[in-house]
1. Do we have LEU130 as over 30 Å from TYR255 (Cα atoms), without any contact (Cβ under 8 Å) to a residue 40 or more places away in the chain and part of a helix (DSSP H, G or I) here?
2. Please go through (1) free of Cβ contacts under 8 Å to residues at least 60 places away in the same chain; (2) open to solvent by less than 70 Å² (accessible area, probe 1.4 Å) for MET101 and return the number of the only condition it doesn't satisfy.
3. Which ones in region 63-79 are more than 15 Å from TRP333 (Cα to Cα) and either assigned to a helix (DSSP H, G or I) or of a type in the set (Lys, Arg) (or both)?
4. Let me confirm something: among VAL95, VAL202, VAL158, VAL100, which residue is under 18 Å from ALA254 (Cβ atoms) and in a helix (DSSP H, G or I)?
5. Mind listing just one residue for me: the one in region 148-197 that is without any contact (Cβ under 8 Å) to a residue 12 or more places away in the chain and among the aliphatic types (A, V, I, L, M) and, of those, surrounded by the most Cβ atoms within 10 Å (Cβ to Cβ)?
6. From the residues in region 261-288 that are within 12 Å of MET153 (Cβ to Cβ) and aliphatic (A, V, I, L, M), which one is surrounded by the most Cβ atoms within 10 Å (Cβ to Cβ)?
7. Please state which of the following conditions ILE243 fails to meet, knowing it meets all the rest: (1) hydrophobic (A, V, I, L, M, F, W, C); (2) open to solvent by 40 Å² or more (accessible area, probe 1.4 Å); (3) modelled with pLDDT under 90; (4) assigned to a helix (DSSP H, G or I).
8. Of these, THR48, THR80, THR41, which one is without any contact (Cβ under 8 Å) to a residue 12 or more places away in the chain, open to solvent by 10 Å² or more (accessible area, probe 1.4 Å) and hydroxyl-bearing (Ser, Thr, Tyr)?
Amino acid sequence: MKRNIHVLQIAFTYIGTVVGAGFATGQEILQFFTQYGRWATLTIMLSTLIFVWLGTKMMLIAHDISARSYEDLNRHLFGTKVGKWISWFTLMILVCVNSVMLAGAGSVFVERLHLHYQTGLLITLIGTYLLLSKGIKAILHMNTIVVPMMMIMSILLVHSTLSMPNPQSFITNTSDYSMLRAWLSPLLYTSFNLAMAQAVLVPLGSQTFSRKTIRWGGILGGIGVGFMLMSAHFAMSAHMPGIRQFEIPMGSIAYRLGALVEIIYVLLIFMEIFSTFVADIYGVSLQIRQHIQISPKLITLFIMLTCFLISQFGFSPLLSVLYPIFGILSLMWVGKLIMAGRGRPFRSSRPRSSFRHSDSKTGDTRHG
């Protein structure tokens, strides 16, 4: 029973890490999948398989090498020198992506709650700072609450779309884009999200003792990501092409279901953005702390201040420009992950987290 709970915690954290600002609002799904019409159904299936396979593999490698942060994983994939530079480059990307997360929070407050953009930024930053002191346990518990609620809302949106005049749009919509671009898009999308998810999945895999728990958590997490991709694509396809005008397209769909549903969904969007932002800041701070011996609170404040300044450019411009570029660069990283095997553990003087699980029936345990 206890192992099943840990499996679900890993799965929900995996889902919550991928379901960030662009995903929860619908912008990512719209740009990488829905705009390609009928091809999106097949490309989402491909993305789901990749998430199951490589997300699980990443956590298992992190477990096997006792990685302290994603830098240890990159050293395992690329070698010590190159891996170090890859990690610093990943850090810069993560800071930019977290700026997109923060901008997404601001957009939620402006477009759906009719409050000031800066209000959303400040509430997210303050909440993040308060939660980060609790470490990865806070991230696990937060996603255990938020992700199931988001999945229930996804089911509700699918049910509502079935009653519309054209629910079959997800397999009938056409696109002016080439087939090559449509099939390249899921590769870019999964590569980008897996490269970004390493900030959370690496410490999560390393700090979980049972490989079986990691494996089932990764499988369920990847399938969960695929389900939420498909449900959002199904709902948005029925509202194409008009849905493209909104900063938060999924929020506009929820608006049609009534005020209560809209409020709940908008709050869930913010909570998903918030949970991903917290998790990523946690992963980035772990990597920086391997090199700079200063107060973790100062590191956190500096990272959040940088994200705040970049987020002033706005949500959609950052999403549409940065994500495709980072997706292309992430293809190389995923190629290394595909070819990687298990490795010998790094020796670390830092104690492991208290998030541990051992499978006493199978003897599948790790001993620090």
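The values are calculated or read from the model by the stated rules, or taken from the named source; none is laboratory data. Just so we're clear, the structure is a prediction, and the values are computed from it rather than from any experiment. Reconstructed Cβ throughout: ideal geometry from the backbone, glycine too, with neighbour counts over all protein chains shown. Just so you know, the surface numbers come from the protein's heavy atoms only, side chains and all, with ligands and any DNA or RNA stripped out. Shrake-Rupley method; radii C 1.70, N 1.55, O 1.52, S 1.80 Å.
1. On the way: over 30 Å from TYR255 (Cα atoms): yes; without any contact (Cβ under 8 Å) to a residue 40 or more places away in the chain: yes; part of a helix (DSSP H, G or I): yes.
So LEU130 passes the test.
2. For MET101, the exception is condition (1).
3. HIS63, ASP64, ILE65, ARG68
4. Values: VAL95 fails: under 18 Å from ALA254 (Cβ atoms); VAL202 fails: under 18 Å from ALA254 (Cβ atoms); VAL100 fails: under 18 Å from ALA254 (Cβ atoms).
Matching residue, one of VAL95, VAL202, VAL158, VAL100: VAL158.
5. Taking region 148-197 first, the residues without any contact (Cβ under 8 Å) to a residue 12 or more places away in the chain are 152, 159, 162-163, 165, 168, 176, 178, 180, 184.
Next, only the ones that are among the aliphatic types (A, V, I, L, M) stay: 152, 162, 180, 184.
Working: ILE152: 12, LEU162: 12, LEU180: 8, LEU184: 16.
The extreme case among them is LEU184.
6. Of region 261-288, the ones within 12 Å of MET153 (Cβ to Cβ) are 261-269, 271-272.
If we keep only those that are aliphatic (A, V, I, L, M) as well, we get 261, 263-264, 266-269, 271.
Values: VAL261: 17, ILE263: 14, ILE264: 17, VAL266: 21, LEU267: 15, LEU268: 21, ILE269: 27, MET271: 20.
If we take residues in region 261-288 being within 12 Å of MET153 (Cβ to Cβ) and aliphatic (A, V, I, L, M), then ILE269 is surrounded by the most Cβ atoms within 10 Å (Cβ to Cβ).
7. (2)
8. On the way: THR48 fails: without any contact (Cβ under 8 Å) to a residue 12 or more places away in the chain; THR41 fails: without any contact (Cβ under 8 Å) to a residue 12 or more places away in the chain.
Exactly one residue qualifies, and that residue is THR80.
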